[in-house]
Each structure stands twice: as structure tokens, then as C-alpha cells.
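What follows is a short report on a single structure.
The values are calculated or read from the model by the stated rules, or taken from the named source; none is laboratory data. Just so it is clear, the model here is predicted, and its values are computed rather than measured. With ideal geometry, Cβ positions are generated from the backbone for all residues, glycine too; neighbour counts draw on all protein chains shown.
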Amino acid sequence: MIKRKHIMLLLEWYDYRIHRGVAQVAREAGWQLNCPKDPVTNDGYLKDWKGDGCIALLQCRETLQYFRTHKIPLVDLGLGEHNLPIPRVVTDNREIGRLAAEHFRDHGYREVFALGPGNIRMYQERLDALREFMEEDGGSVTVLQSSENMQPGVIREMEQIAKKRGNRLEELSLGFFAYQDNMAAELISLCLRNELRVPENMAVLGVDNDDLVNAGLTVGLSSIETDQEGLGRLAANTLRGLLEQPARKAEATVIRHAPAEVVVRRSTDCYAVRNPLVSDALHWIQNNFHTGIQATDVAEAMGVTQQGLQKAFAANYSRSPGQEIRYQRIQSVAHLLSCTTATLEDIAENCGYYSVDTLINSFKTEYGTTPGKYRKMKQQERDR
């Protein structure tokens, strides 16, 4: 008789999406999965627990001590400091930083603000990557010194920075990267209480795309989708590998789970360009690129000559009108390839391309691969 395996999911901060991902694999593997939701009593749960494996976020001292003395198959979901020879499954924080930098740059932000990361390694990795990719393209990251939490002092420090630069904060258009969505939500509340407009004065980007956090906001939060459900599946499959090969010695490896994309909502729906013509043109392109427009159509819609529009873009933005149209189209293609099963004919029609061949050639130029291979790669990432 095959013995049923009893597995514990021990989250010292709970996320239902991780739970759901682990549960999917547990169902496939025939595990009995338990997930206690009171981290204060973890020590009590573990004391009398007789299980076969565990997926845990190892931070609590008592929890760490238990797993130092009880040698069971274990996967860690965090980056806490310990010397246990076990695999870790965590988000790819460098890729999160890259996506954040790309998103801000695409909206015209040359400088992005962030809080200090404190002693949290996950935050430090995201900050380091954000800085690397912003500076790669001539941008910068300013780390606030007043607090590591979203407190009123954050706004006061930014007001002082603006004053030193000869401006009032409410006159500026700034980008702010929050390490996770709760932090971003707190910043939006601070901005609204201080009569700062989001996104016009402060464009706010979070991480994790937490639908519960977003549901409580009056300004929709743009956020990097980290695919927590996929993270849970990857962790569970990693544990499954350990259970199915008990003779294999566990190693202290770090497995990185890639984020999916930036989910754009109102909190970053703004271009950090002071020229009103360029700002209006960018929003018009964003709303009309799918109709097959060209740069001449943008100039006509703005009521200016094409030469005048080109000159304004050259002085105030990183791309020309034509380049922006092509960029918006190809980004939309990539999104549809990742998230739908639409045919290339339908995607071409919905993204403003006159033929599938034009779409394929444009996509290969931008991404270095074919649309079909890109879709397959994204599908494999989701299925891991």
C-alpha cells in the first residue's frame, strides 16, 4: 500500500496565491496538505508534527531551530540568513528591477525614488537591479533616507528635495518604486492626504499585483505581476523532486521564478514630459496605435506639422513618434502572445499591423525570436 505523504505549507506571511499553487501540485501528487495560518503558533504546530516534507518561509528563530534538528525534505520560499543545505524558490528580483526601470523609462522618467531597503535582502536585490537598469540608460535612483517605512516623513523629505531643486513638490512629476503592493498603497494614501495627484505628481509602481490591495484603492495601482501562484507550483514541484528521489542529497541552491509583466493601471498612467504637446501626443498614440496609425496621423490629430511634432519629441522624449507607435504595437503583441491563444492574424489586426509578415519581422527585430517561440517560452514559464 502506498503511504500518503503529509506536507506542511508554513507561511510566516500568508498569500493565498502561493497556497493555491502548492495545492494544485499537492492534488496531482496525492499529498495531504496543511497550511496553518497563525505564524505566532508555528512552534506549537511543529512540536508534535509528524510529516514527510515542508514548504516554508523561514524567518522565525523557533522555526529555523526546528528544521536544524529535524531532517525532513524542505524548500524555503525566502532569502533569510541561515546555513541549511536546502533549495530556495524565490522571485527573480533582478528581473523585477529591470521591468520597473523599463516601465518608468518608457513613461519618460529619468529619475525614480525608493525607500531604503533596510535589512531585507529581497528589497535590496530589487533596488540594486532598479538602479543598474536605470543607470544603464542614463537615468538614476534616489533612495530616501528619512524612513524605511511609508510614514509622513517620506513626503516631507521629498518636499525638501524638490525645494533644493527650486520647485514645489506639487509642481513635479516623479516616479516612485515600492518594493511591494502594501507599501505602494500606503504611499498613494500619503499622497492623497497631502493633496498630491497620482499619477500626475507621483507615479507609483508596486510589486506582486495583489488584487485585494488594489480593490481597496481609489486610484488603480500599477504593479509587477510576480506570479505567486506559479511560485507556489515551482516550490511544490521542487519538493516533489526531493520526495521522489530520497537518496539525492539536498543542496543550497536558489531557484528564481520570473515575474510575468507590469500590469498597468491608473497610478502610472502618465508621461513625465513637461511639453504638453508631447504628453498629449503620447496619450493619443497609446489610445490609437492599434488602428494602424502613422506619425503623420499623430501630427494631424495634434494640429501641428509633422516636422514640428518630430522636433518636440526630439527635445522632450526618448523616442520619435514613429518609434513610439512601433514600440506600443510590439509591446501589445508580446502581451497577447503571453496571455491569450489568439492567432497571429487576430493579433496583427488588433495591434495595427497590415500583415502577419510585418508583425513577425517587427517582433523578431525587437525580441530576437519568432512569435511562436516566444509564446512557447512564456507557456513553459507558467507551467513550471
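Taking SER332 as the residue in question, decide whether it is of a type in the set (Ser, Thr, Tyr) and in contact with a Cys (Cβ under 8 Å, 6 or more places away or on another chain).
On the way: of a type in the set (Ser, Thr, Tyr): yes; in contact with a Cys (Cβ under 8 Å, 6 or more places away or on another chain): yes.
Against the criterion (of a type in the set (Ser, Thr, Tyr) and in contact with a Cys (Cβ under 8 Å, 6 or more places away or on another chain)), SER332 qualifies.
Out of everything in segment 172-229 that is without any contact (Cβ under 8 Å) to a residue 60 or more places away in the chain and in contact with a Gly (Cβ under 6 Å, 6 or more places away or on another chain), what residue ends up being farthest from ILE120 (Cα to Cα)?
Among those residues, the one meeting the criterion is LEU221.
Which of (1) at pLDDT below 90; (2) in contact with a strand residue (DSSP E or B) (Cβ under 8 Å, 6 or more places away or on another chain); (3) basic (Lys, Arg) is the odd one out, the single condition LYS5 does not satisfy?
Of (1) at pLDDT below 90; (2) in contact with a strand residue (DSSP E or B) (Cβ under 8 Å, 6 or more places away or on another chain); (3) basic (Lys, Arg), only one is false for LYS5: (1).
Test THR91 against the criterion of being surrounded by 19 or more Cβ atoms within 10 Å (Cβ to Cβ) and of a type in the set (S, T, N, Q), and give yes or no. Give the derivation first.
Numbers: surrounded by 19 or more Cβ atoms within 10 Å (Cβ to Cβ): yes; of a type in the set (S, T, N, Q): yes.
For THR91, the condition - surrounded by 19 or more Cβ atoms within 10 Å (Cβ to Cβ) and of a type in the set (S, T, N, Q) - is met.
Under 8 Å by Cβ, and 6 or more places apart or on different chains, what pairs join a residue from segment 283-294 that is without any contact (Cβ under 8 Å) to a residue 24 or more places away in the chain with one that is surrounded by 15 or more Cβ atoms within 10 Å (Cβ to Cβ)?
Correct list of pairs: HIS283/TYR271; TRP284/VAL298; TRP284/ALA301; TRP284/MET302; ASN288/ASP297; ASN288/ALA301.
If I filter segment 312-349 down to residues being part of a loop (DSSP other than H, G, I, E, B) and small (Gly, Ala, Ser), which single residue comes out as surrounded by the most Cβ atoms within 10 Å (Cβ to Cβ)?
Initially, segment 312-349 is screened for residues part of a loop (DSSP other than H, G, I, E, B), giving 317-320, 340-343.
From what is left, the residues that are small (Gly, Ala, Ser) are 318, 320, 342.
Details: SER318: 16, SER320: 14, ALA342: 14.
Residue satisfying both the conditions and the ranking: SER318.
So, in segment 103-120, exactly how many residues are at pLDDT 95 or above and charged (D, E, K, R)?
Count: 0.
Does segment 149-157 contain any residue that is closer than 27 Å to TYR317 by Cα and out of contact with any helix residue (DSSP H, G or I) (no Cβ under 7 Å at 6 or more places or on another chain)? Break it down into steps so the answer makes sense when it comes.
Restricting attention to segment 149-157, the residues satisfying the condition of being closer than 27 Å to TYR317 by Cα are none.
Looking for residues that are closer than 27 Å to TYR317 by Cα and out of contact with any helix residue (DSSP H, G or I) (no Cβ under 7 Å at 6 or more places or on another chain), one finds none in segment 149-157, hence no.
So which residues in segment 167-209 are in a loop (DSSP other than H, G, I, E, B), of a type outside the set (D, E, K, R) and within 17 Å of VAL262 (Cβ to Cβ)? Give the derivation first.
Filtering segment 167-209 for residues in a loop (DSSP other than H, G, I, E, B) gives 167-168, 172-173, 178-180, 194-201, 208-209.
Next, from what is left, pick out any that are of a type outside the set (D, E, K, R): 167, 172-173, 178-180, 194, 196, 198-199, 201, 209.
Result: ALA178, TYR179, GLN180, VAL198, PRO199, ASN209.
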